[in-house]
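**Student:** Handing you a structure now.
Every number in this text was worked out from the coordinates using simple rules, so none of it is lab data. The structure presented is a predicted model; accordingly, all values stated were derived computationally and were not measured. No Cβ is skipped: glycine too gets one built from the backbone with ideal geometry, and neighbour counts run over all protein chains shown.
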Amino acid sequence: MVELKVHVSGPGKLILTGKGVKADHVKVKKAGDVWLMVRAKGKALKTLKAKGKVKVKVKIAFVPTEGAKVSSTHGLTLIQK
């Protein structure tokens, strides 16, 4: 499990998805920093437990209350402590 800090420009909904990770979403009331939890699941979780680390791709989307949806994809390495 990793906490990922994301800066948003205003109110809306922040969504985290990706293969091998548990989806997470947060309703944002104002501009600022928001924390999302990245948790492995399925094959990624099995690999994480067996090898101690796993690479996953996550997509972060921000849907503002007014305006167009913005999204980006990032590669992360989850390391078990």
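**Student:** Where in the stretch 31-46 does the amide nitrogen come within less than 16 Å of the point 7 Å from the Cα of HIS25, taken along Cα to Cβ?
**Tutor:** Within reach of a label on HIS25: 36-37.
**Student:** What list of ³J(HN,Hα) values in whole Hz, one per residue of the stretch 17-23 in order, does the Karplus curve 6.51 cos²θ - 1.76 cosθ + 1.60 (θ = phi - 60°) give from phi, with Gly and Pro shown as x?
**Tutor:** Karplus-based 3J(HN,Hα) across the stretch 17-23 equals 9, x, 6, x, 10, 7, 5 Hz.
**Student:** Hey, what number do you get for the chain at 222 nm if only DSSP H runs of n ≥ 4 count, each worth -39500 (n - 2.57), divided across all residues, to the nearest 500?
**Tutor:** -3500 deg cm²/dmol
**Student:** Just for the Cα atoms in the stretch 2-79, what are the lengths along the principal axes, largest first, rounded to whole Å?
**Tutor:** Result, largest extent first: 44, 18, 16 Å.
**Student:** Follow-up. Which residue, SER71, HIS7, ALA40, has the largest displacement toward the positive end of the dipole of the chain when charges sit on each Cβ (Lys, Arg +1; Asp, Glu -1)?
**Tutor:** ALA40
**Student:** Would you work out the charge dipole size for the stretch 2-79 about its Cα centre, treating the Cβ of every Lys and Arg as +1 and the Cβ of every Asp and Glu as -1, and quote it to the nearest 20 debye?
**Tutor:** Dipole about the Cα centre, nearest 20: 520 debye.
**Student:** Give me the extension gain from HIS7 to THR73: residue separation times 0.36 nm, minus the current Cα-Cα distance, reported in nm with one decimal.
**Tutor:** Details: separation 66, 0.36 × 66 = 23.76 nm, distance 1.49 nm.
My answer for the length gained is 22.3 nm.
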